[in-house]
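The values are calculated or read from the model by the stated rules, or taken from the named source; none is laboratory data. Quantities reported herein were computed from a predicted structural model and do not represent experimental measurements. Reconstructed Cβ throughout: ideal geometry from the backbone, glycine too, with neighbour counts over all protein chains shown. These accessible areas exclude ligands, DNA and RNA; they are computed on the full protein's heavy atoms, side chains included. Shrake-Rupley method; radii C 1.70, N 1.55, O 1.52, S 1.80 Å.
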Amino acid sequence: MTAMSAIEATEELEPEPEEVDKKLVIFLKSGDLESVWAAFILSTTAAAMGTQATVFSTFWGLFPLVKNDVRITGDNWMQKAVSLMNRGGTDHLKLSKLNMLGAGPAMMKKLAREHKVASPRELMETALEMGVRLVPCQMTMDLLGLKREDLIEGIAEPAGATSALLEADGATTLFI
Amino acid sequence: MTAMSAIEATEELEPEPEEVDKKLVIFLKSGDLESVWAAFILSTTAAAMGTQATVFSTFWGLFPLVKNDVRITGDNWMQKAVSLMNRGGTDHLKLSKLNMLGAGPAMMKKLAREHKVASPRELMETALEMGVRLVPCQMTMDLLGLKREDLIEGIAEPAGATSALLEADGATTLFI
Amino acid sequence: MTAMSAIEATEELEPEPEEVDKKLVIFLKSGDLESVWAAFILSTTAAAMGTQATVFSTFWGLFPLVKNDVRITGDNWMQKAVSLMNRGGTDHLKLSKLNMLGAGPAMMKKLAREHKVASPRELMETALEMGVRLVPCQMTMDLLGLKREDLIEGIAEPAGATSALLEADGATTLFI
């Protein structure tokens, strides 16, 4: 399946999307599978509608931006412990509930494949291709010891709350 | 008590609500008692103020729309397992924390009765009577194996992210 | 360090903030450390940008408004039990995950000190000094048995959903 299937499947059920001269700004603080899924389905759908979409990732929402092959991040034992217990990368997301040592996410991903819903990894790649701006929060990167080279290619430069709030002015805003 | 008590009690403390030519769009991704409570208190209050309120239910937020007497949903063992562990219906909501095997929600519901705050079930019925649009997300219904006949009467037809984002344009938006 | 360091540190990375004739309305339903942190970083940053910021605290989001030296709140055993298990005050916030019996929050606070990010307690004091309106939700105060004298000085009078939605009209809105 292509990463676009989720969006195409949705559009079949929808009225023809109008071109909307709008912005969507998502503050992504959660890093669980279903929250990340929601953030990328909404931002890629918005991009397909001609809306400028921005995902401002902070705290747990930073970890999906970590490269899938990076195991440990951080400078000190505290930051390393957090990354060890909360592994980064779109391939390592956990459900916020019913996680069941990974059985829950595995089931969800299997169901998604059967229903041609794109995985978080595919959706994030699609988001970048479609011009969704993924902006990591500088302050929480510092706090958690995440470095630019720990994060995937193609994302925007790290920024702070002021930038995010300026971008949010006049936009549809969601805190996920 | 009537299901309106929560709103009436609130209005006593408030300035006279103005007629607002506005929309409220809630993306309900959570299915825990306090999140569902918040979504329905805000949407019924908005409706009482003349605001067109829409609750777009996705993922765990779909389960409160399941009929209270439906026990198992889904076609395959994975979907059935999720419904078994996360029973649908407004009568079966759990707190996101301090759940204590159901003692937490029971306490909260008892406190709500004593303080004349409407239960989630009453609030959802009130919401439908007041014209709040409850829209289930088609994609997550497919993913979780939920069928239209598993869900309560009176709700809108299932729709996708494009519809939700179009409705959100110019609205007050909350992701709960 | 001063409580302003977090904001100052952010602004170094940012374009010069414009004066924005805007409102920010945060519905704070969560009481976990990272959510409270996000709410106060965003609202103080907004205030520094000339935006009128309001934090409407409900449910678990009420507990950070409880005085740090108040141990038990509520009139009956149920309300007291909730306060016992979920101690109020900005000094007693827990992480939503990786809490590890308090080791997680202790680590986060240590990291914050090292990176000159203000603590939730400092941020809340800064918020009040900068004119951020902290509004407790009357209905959930009643439900949880929280009294005005349990809460810190300087906050706004308790209000209901109608007030919050009126304030949200035309504002950037976030449900945290």
Exercise. Taking segment C:75-92 as the region of interest, how many residues are away from chain B (no Cβ under 13 Å) and at negative phi?
Worked result: 4
Exercise. Within the group B:LEU151, B:LEU111, B:LEU146, B:LEU166, which residue is out of contact with any helix residue (DSSP H, G or I) (no Cβ under 8 Å at 6 or more places or on another chain) and either without any contact (Cβ under 8 Å) to a residue 12 or more places away in the chain or closer than 26 Å to A:SER35 by Cβ (or both)?
Worked result: B:LEU166
For this session: Give the residue, chosen from A:LEU151, A:LEU143, that is within 14 Å of chain C (Cβ to nearest Cβ), over 27 Å from B:ASP142 (Cβ atoms) and open to solvent by less than 40 Å² (accessible area, probe 1.4 Å).
Result: A:LEU143
Problem set entry | Single unsatisfied condition, C:MET139 versus (1) in contact with a Gly (Cβ under 8 Å, 6 or more places away or on another chain); (2) in a helix (DSSP H, G or I); (3) closer than 20 Å to C:SER43 by Cα | (3)
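Here's the yes/no breakdown for (1) more than 30 Å from A:ALA168 (Cα to Cα); (2) out of contact with any His (no Cβ under 9 Å at 6 or more places or on another chain); (3) free of Cβ contacts under 8 Å to residues at least 40 places away in the same chain:
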site	(1), (2), (3)
C:ALA48	no, yes, no
C:GLN52	no, yes, no
C:THR58	no, yes, no
C:THR73	yes, yes, no
C:TRP77	yes, yes, yes
C:VAL82	yes, yes, no
C:ARG87	yes, yes, yes
C:HIS92	yes, yes, yes
C:SER96	no, yes, no
For this session: State which residue is least open to solvent (accessible area, probe 1.4 Å) when the search covers only segment C:154-163 and only residues that are touching a helix residue (DSSP H, G or I) at 6+ places or on another chain (Cβ under 7 Å) and more than 10 Å from chain B (Cβ to nearest Cβ).
Result: C:ILE155
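Yes/no matrix, rows are residues, columns are (1) at pLDDT 80 or above; (2) within 19 Å of the chain's Cα centre (by Cα); (3) open to solvent by less than 10 Å² (accessible area, probe 1.4 Å):
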residue: A:ILE41; (1), (2), (3): yes, yes, no
residue: A:ALA53; (1), (2), (3): yes, yes, yes
residue: A:ARG71; (1), (2), (3): yes, yes, no
residue: A:LEU84; (1), (2), (3): yes, no, no
For this session: Determine whether B:VAL66 is touching a residue at least 40 places away in the same chain (Cβ under 8 Å) and open to solvent by 10 Å² or more (accessible area, probe 1.4 Å).
Result: no
Exercise. Within the bounds of segment A:105-116, is there any residue that is within 12 Å of another protein chain (Cβ to nearest Cβ), open to solvent by 20 Å² or more (accessible area, probe 1.4 Å) and within 28 Å of C:ALA103 (Cα to Cα)?
Worked result: no
For this session: Name every residue in segment C:117-140 that is away from every other protein chain (no Cβ under 13 Å) and under 30 Å from B:ALA106 (Cα atoms), in order of residue number.
Result: C:LEU134
For this session: Could you list, in sequence order, all residues of segment A:21-46 that are more than 9 Å from chain B (Cβ to nearest Cβ) and over 15 Å from A:PHE175 (Cα atoms)?
Result: A:ASP21, A:LEU33
Exercise. Checking A:ALA6 against (1) open to solvent by 10 Å² or more (accessible area, probe 1.4 Å); (2) within 8 Å of chain B (Cβ to nearest Cβ); (3) at pLDDT below 95, which single condition isn't satisfied?
Worked result: (1)
